[in-house]
1. Looking at the range 108-122, can you tell me whether even one residue there is touching a Pro at 6+ places or on another chain (Cβ under 7 Å) and under 23 Å from Asn59 (Cβ atoms)?
2. Of all the residues that make up the range 160-199, how many are in a loop (DSSP other than H, G, I, E, B), within 23 Å of Ser84 (Cα to Cα) and charged (D, E, K, R)?
3. Would the range 86-94 turn up any residue that is among the polar types (S, T, N, Q), under 22 Å from Phe204 (Cα atoms), out of contact with any Cys (no Cβ under 7 Å at 6 or more places or on another chain) and at pLDDT 95 or above?
4. Would you point out which residue out of Leu143, Leu109 is within 23 Å of His78 (Cβ to Cβ), hydrophobic (A, V, I, L, M, F, W, C), touching a residue at least 24 places away in the same chain (Cβ under 8 Å) and not in a helix (DSSP H, G or I)?
5. Are there any pairs, at least 6 apart or on different chains, whose C-beta atoms fall under 9 Å, with the first in the range 123-137 and in a helix (DSSP H, G or I) and the second among the basic types (Lys, Arg) and modelled with pLDDT under 95, and if so, which?
6. Exactly one of these conditions fails for Gln74: (1) farther than 18 Å from Leu46 by Cβ; (2) out of contact with any helix residue (DSSP H, G or I) (no Cβ under 7 Å at 6 or more places or on another chain); (3) among the polar types (S, T, N, Q). Give me its number.
7. Of all residues in the range 138-162, how many are in contact with a Leu (Cβ under 8 Å, 6 or more places away or on another chain) and of a type in the set (Lys, Arg)?
8. Given (1) part of a helix (DSSP H, G or I); (2) under 20 Å from Glu149 (Cβ atoms), identify the lone condition not met by Asn210.
Amino acid sequence: MKRLLLIIIFCCYNIFSAKAQTTEKLFLEQFNLEDTVGNIFNLGKLKGKTVYVDCWFPNCSPCRKEMPYASLLQQRLHTMQMDSNIVFITICFRQSREEWLKALHQLTLSNAIHLYAPAYIYERTFTNGNYPTYRIFNNDGILEYENAERPSEFAKADFILYAAANNMPLKTAKKLFEDEGRNILNNIKKSSSNKLLNNFFKKFMPYKENFVKEFLALE
């Protein structure tokens, strides 16, 4: 009977936590994580930037598979001169710190801030147990609850980050790309009624052929 009561309390707590996470705003400065040398890194240092969060752990094969695509995504944004206000961070939520550090030596995502979060409350907030998960903190330092695109979502992930850096909500950017951006990417349509989407493709299209070759090399 006592065990059943504990289970009920635990389930109610999880339901309440999940509900709270979808109604309350969370800010960068609320999160303290460990960096690679063991210091505490407060995410508030990144306020004013668009922060792309990669949630992973070393034994997660799909997580590691995305890392080379994330590196290419960084390179594409840099080539298009879109990366000045975008920061990539990875947060490891499971396994030991030692396993995490060992795994980092095998990864190619060098232009990112790598952090470790042993606190399970952070895991629920960021991933709800799903890996890999990608989240965005907007320029105001607020966590957007809509899951962001994976790095392997060619061109769409690029536009999502470009749009976020220009203060467009994630949900709006996703819909815009699906409704109009994909047709421009596939040469079905030449332009959009949206200025931001047109500006993105003005920078993207001159490099499209090379971007596609680099992307396909990972397939």
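The values are calculated or read from the model by the stated rules, or taken from the named source; none is laboratory data. Predicted model, so just to flag it, every value in this text is computed and none were measured. Glycine also receives a Cβ, built like all others from the backbone with ideal geometry; neighbour counts cover every protein chain displayed.
1. Scanning the range 108-122, I find at least one residue that is touching a Pro at 6+ places or on another chain (Cβ under 7 Å) and under 23 Å from Asn59 (Cβ atoms), so the answer is yes.
2. Matching residues across the range 160-199 total 0.
3. no
4. Values: Leu143 fails: within 23 Å of His78 (Cβ to Cβ).
Every option except Leu109 fails the conditions.
5. Here the result reads Glu123/Arg94, each pair linking the range 123-137 to a residue that is among the basic types (Lys, Arg) and modelled with pLDDT under 95.
6. (1)
7. So the answer is 0.
8. In the conditions (1) part of a helix (DSSP H, G or I); (2) under 20 Å from Glu149 (Cβ atoms), Asn210 misses (2) alone.
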